[in-house]
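Please treat every number below as a calculation from the coordinates, not as lab data. Please read all numbers here as calculations on a predicted model, not as lab measurements. Glycine also receives a Cβ, built like all others from the backbone with ideal geometry; neighbour counts cover every protein chain displayed.
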Amino acid sequence: MKRYSVFAVAREALRYHQGWGRAWRSPEPKKKYEAIIIGAGGHGLATAYYLGKNHGLKNVAILEKGWLGGGNTGRNTTIIRSNYLQDASAAIYEKARSLYETMSQDLNYNVMFSPRGVMMLAQTQHEIRGYKRTAHANALQGVSTEFITPDRVKSLVPIINIDGPRYPVLGALWQPRGGTARHDAVAWGYARACSEMGMDVIQQCEVTGIRRQNGQVQGVETSKGSIDCEKLGIVVAGHTGVLADMAGFRMPIESVALQALVSEPIKPCMDVVVMANTVHGYMSQSDKGEMVIGGGADGFNNYTQRGSFHHVEETVRALIETFPIISRLKMLRWWGGIVDMTGDRSPILSTTPVKNIFINCGWGTGGFKAIPGSGWAMAELMAKGHSSLTEEFGLNRFKEGKFIDESVAAGVAH
Amino acid sequence: MLIFTCPYCGIEADETELTPGGEAHLKRFGPGSSDEEFEGYLFNRENPKGVHFERWRHVYGCGKWFHAARCTLTLEVFGTYSAQTFEPPEEIKERIRAKRPGWKWRNFS
């Protein structure tokens, strides 16, 4: 594989870009691997990457039913932040955010990480109190956030209407080092790096069964034949329940649709990410000029990758009050992804009732920001059997009642 | 958009007129049950890709809870029925059998 650099661009420019070659191999599966990861989205690929990079485990296959990053990795609003209240969440999301900062260099692939700042608007007295509390908690956790005044909000986002009428902007939780990244590039960059380490990224290979013996995993049945493995990582977001069913255990997960949309492209008008959680909408401007808008999840189980129109309508209606400038924009694209929601809205990174099967799921509406941290922690869990980052995210927390209750704490559109 | 017929008032109601209430026919476990049973009742869900049974409330209509049989993969609605029952009526199960041969949901089939 060729290294990407300014010299490579110059060399290829002189020969009509004929020499680039494929970024990753598309091999047929081998009979046996040390570890198999099911799901070649961001989290699955990151898990494989750090298994190889941090733990020297390179005899790995990543199986994907569809195509690389074609699930939620390609269906999110690309926001990266780590301003969570609970210590366990802040630790893993901050790990992820810090890894995003060096990801382009690390993978030799431009993921276009843009630390443009993430702002969560406080539009009620309750939110002011909540976000001040989060800012104090973040100070203790070493996550750099601050609570800022409405004037500061207006100076950072000139297009915002801070006077209401219904929900005036009373302040905001500001994380200057949060931002966005190019979502597809994250999947492609990890896939390229995994392939370079000798791992097999196998697309269009659907897992149809999980073989077990004496409570231990033996391998998987797939649409490309039977493959043996010593360790199995299930990293499939919305389809977690389906895979858990194959492995013979149940999960505290419900799959629902979460939607987003982009407007037609306009000239640059907003260079930060703004989240308005009281009215349930968030918005940023992409490099192409589209306003990227997301809202809340649907309330019922769904595997169709499309959601209900009225949710989008509510999101846009609410955002127009705060951003009058967007009222005449046309919608360009609209999509939905199937997110895996847990009871406490925190992820599950855990061993399972079947020996050597590990599971990484439950990222719900906030998985993209966590990709590198999640992969880092999951790889450690799979290689060593334990990880300080995943300790509190175990499956047993539901039985024990030790929730990481971000559904109340994060104050975010869930 | 999902459209259900409320089994109580007989009205065809849009999703915006209704509130989803999660999985149907849960057996409730309380004091005296094992940890596993209690955890299962509180958190573990079928979350099927296909035939599903749910509770819905006709919140902007008659206000009553009812049950619905639905496919989570196609959003097809097989029918709605009263909330005062422990299992779907035979007629709805038959309708699902005709459209999804071999379907299974918990101990219903």
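Remark: mean inter-chain Cβ contacts per residue of A:303-315 equal 3, using a 10 Å Cβ-Cβ cutoff to other protein chain atoms. Placing +1 on each Lys and Arg Cβ and -1 on each Asp and Glu Cβ, with no other charges, gives chain A a dipole about its Cα centre of roughly 820 debye.
Label zone (A:I325, point 7 Å along Cα-to-C-beta; backbone nitrogen cut-off 17 Å) within the range A:155-185: A:155-164, A:169.
The long axis of helix B:90-99 is offset from the longest Cα principal axis of chain B by roughly 80 degrees.
Near A:M103, within a Cβ-to-Cβ distance under 13 Å, what is the net charge of the other residues, with Lys and Arg +1 and Asp and Glu -1? Don't skip to the end; give the middle numbers.
Numbers: positive: A:K53, A:K95, A:R97, A:R182, A:R192, A:K369; negative: A:E101, A:D106.
Overall, the nearby charge balance is +4.
Angle, helix A:87-101 long axis vs. longest principal axis of chain A, Cα atoms, 0 to 90°, nearest 10? With rounding to tens, the tilt is 80 degrees. Cross-link partners for A:K31 among the lysines, with Cα-Cα distance under 27 Å and sequence neighbours closer than 8 places in the same chain left out: A:K53, A:K58, A:K65, A:K224, A:K231, A:K355, A:K384. Listing A:I325, A:I210 from fewest to most neighbouring C-beta atoms within 10 Å gives A:I325, A:I210.
Which FRET efficiency, nearest 0.05, do A:H386 and A:Q305 yield, Cβ-Cβ r, R0 60 Å? Efficiency for this residue pair is about 0.95. Extending 7 Å from the Cα toward the beta-carbon at both A:H126 and A:E146 defines two label points whose distance is 2.9 nm. Distance between the C-alpha centres of the range A:135-190 and the range B:28-46: 40 Å, rounded to the whole angstrom. If you line up the long axis of helix A:183-196 against the longest principal axis of chain A, both from Cα atoms, how many degrees apart are they, to the nearest 10? That works out to roughly 20 degrees.
Computed from label points 7 Å out along Cα-Cβ, the spacing between A:M197 and A:S155 is 4.5 nm. What the Cβ-Cβ distance of B:V77 and A:T208 gives, at R0 = 30 Å and to the nearest 0.05, is a FRET efficiency of 0.60. What shape does chain B have by the C-alpha gyration tensor, where a ≥ b ≥ c are the square roots of the eigenvalues, rounded means a/c under 1.5, and otherwise prolate means a/b greater than b/c and oblate the rest? It is oblate, given that a/c is not under 1.5 and a/b is not larger than b/c.
Counted by Cβ distance under 11 Å from B:E87, the other residues give a net charge of +1, where Lys and Arg count +1 and Asp and Glu count -1. Quick check: Cα centre of the range A:192-242 to Cα centre of the range A:260-328, how many Å? If you average the Cα positions of each part, the centres end up 35 Å apart.
Evaluate the charge dipole of the range A:100-147 about its Cα centre and quote only its size in Debye, nearest 20, assuming +1 on the Cβ of each Lys and Arg and -1 on the Cβ of each Asp and Glu. Before the final figure, lay out each step's value.
Working: 4 positive and 4 negative charges, 52 e Å.
The calculation lands at about 260 debye.
As a proxy for reagent exposure, A:H43, A:H386, B:H25 were ordered by neighbouring Cβ count within 10 angstrom, fewest first; the result is A:H386, B:H25, A:H43. When the charge dipole of the protein assembly as shown is built from unit charges on Cβ atoms (+1 for Lys and Arg, -1 for Asp and Glu) and taken about the Cα centre, the candidate among A:V242, A:P252, B:C6 whose Cα reaches farthest toward its positive end is A:V242.
Across chain A, C-alpha contacts under 8 Å between residues 6 or more apart give a mean separation that, scaled by the residue count, equals a relative contact order of 23 percent.
Neighbour counting of Cβ atoms within 10 Å sorts the residues A:D228, A:D184, A:D163, fewest neighbours leading, into A:D163, A:D228, A:D184. Here chain B is scanned for trypsin sites (Lys or Arg not before Pro) in DSSP loops (not H, G, I, E, B) that have at most 16 other Cβ atoms within 10 Å, and the longest stretch holding none of them is B:65-103.
As an exercise, find the ratio Rg/Rh for chain A from alpha-carbon atoms, using the Kirkwood inverse-distance average for Rh. Provide the component values of the computation, followed by the final result.
Working: Rg = 21.3 Å, Rh = 21.9 Å.
On the Cα set of chain A, Rg over Rh gives 0.97.
Placing dummy labels 7 Å off each Cα toward the beta-carbon, the span from B:I11 to A:N59 is 6.5 nm. With the cut-off at under 14 Å, measuring from each backbone N in the range A:61-98 to a point 7 Å along the Cα-to-Cβ line of A:R22 picks out A:68.
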